[in-house]
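Okay, structure first, notes after.
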Amino acid sequence: TTNWAKYAGSYVDSRHPRTVLAWSNTQLFLVVVDGRSANSIGMTFSEMAEFLRTALGATDALNLEGGGSSTLVVNGSTRNTPAEGEERPVANAVLP
């Protein structure tokens, strides 16, 4: 997290919806955290890093998207609650 200092500001230090690809030596994780709602306030970068390390055992991660565009669709089904209540039309995908 030390290299995030150059990005310090509301994007890094405030709670937002987040979409992250993380991994360990044996597993790959695709994680979406909802936010900006009564049900979820989102996470800061540091909170996300701590969750990935302690709860999932991830060793590395890549932040893919944040904010209202954070949406996880698996097999055609939306698996989270997008911040504005519906999916945004953005081009993003992780494909095999």
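Taking the Cβ of Arg18 as the center, what net charge do the other residues with Cβ under 11 Å away carry, scoring Lys and Arg +1 and Asp and Glu -1? If you can, show how the numbers build up before the last one.
Numbers: positive: Arg15; negative: Asp34, Glu47, Glu65.
Computed value for this residue: -2.
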- Task: Give the Debye-formula value of log10 I(q)/I(0) at each listed q (0.15 Å⁻¹), with one equal scatterer per alpha carbon of the chain, two decimals each.
- Result: -0.59
- Query: What's the extension gain from Ala55 to Glu87 if we count 0.36 nm per residue and subtract their Cα-Cα distance?
  - Reply: 8.8 nm
- Accessible area expressed per residue, the chain, with surrounding protein chains retained (probe 1.4 Å, Å²): 66
- Message: Using 0.36 nm times the number of residues separating Val94 and Ile41, minus their current alpha carbon distance, what extension gain do you get?
- Response: 16.6 nm
- Charges only on Cβ, +1 for Lys and Arg, -1 for Asp and Glu: so what's the dipole of the chain about the Cα centre, in debye to the nearest 20? 80
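Around Asn63, under 15 Å between beta carbons, what's the net of Lys plus Arg minus Asp minus Glu among the other residues?
Details: positive: Lys6, Arg15, Arg18, Arg53; negative: Asp13, Glu47, Glu50, Asp60, Glu65.
Charge balance in the 15 Å sphere: -1.
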- Note on the structure: Computed from the beta carbon distance with a Förster radius of 35 Å, FRET efficiency for Val73 and Asn25 to the nearest 0.05 stands at 0.80
- Heavy-atom accessible surface of the chain: percent carbon and sulfur, 1.4 Å: 51
- The answer for the net charge of residues other than Asn80 whose Cβ lies under 15 angstrom from its Cβ, with Lys and Arg +1 and Asp and Glu -1, is -1
- Query: Across the range 59-76, in residue order, what do the Karplus-derived ³J(HN,Hα) couplings come to in whole Hz, using 6.51 cos²θ - 1.76 cosθ + 1.60 with θ = phi - 60° and x for Gly and Pro?
  - Reply: 10, 9, 7, 9, 6, 9, 7, x, x, x, 7, 5, 9, 10, 10, 10, 6, x
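The values are calculated or read from the model by the stated rules, or taken from the named source; none is laboratory data. Only a predicted model underlies this, so the values are computations on that prediction, with no experimental measurement involved. As a convention, Cβ positions derive from the backbone with ideal geometry for all residues, glycine included, and neighbour counts pool all protein chains shown. For accessibility, only protein heavy atoms count, side chains too; no ligands or nucleic acids. Shrake-Rupley method; radii C 1.70, N 1.55, O 1.52, S 1.80 Å.
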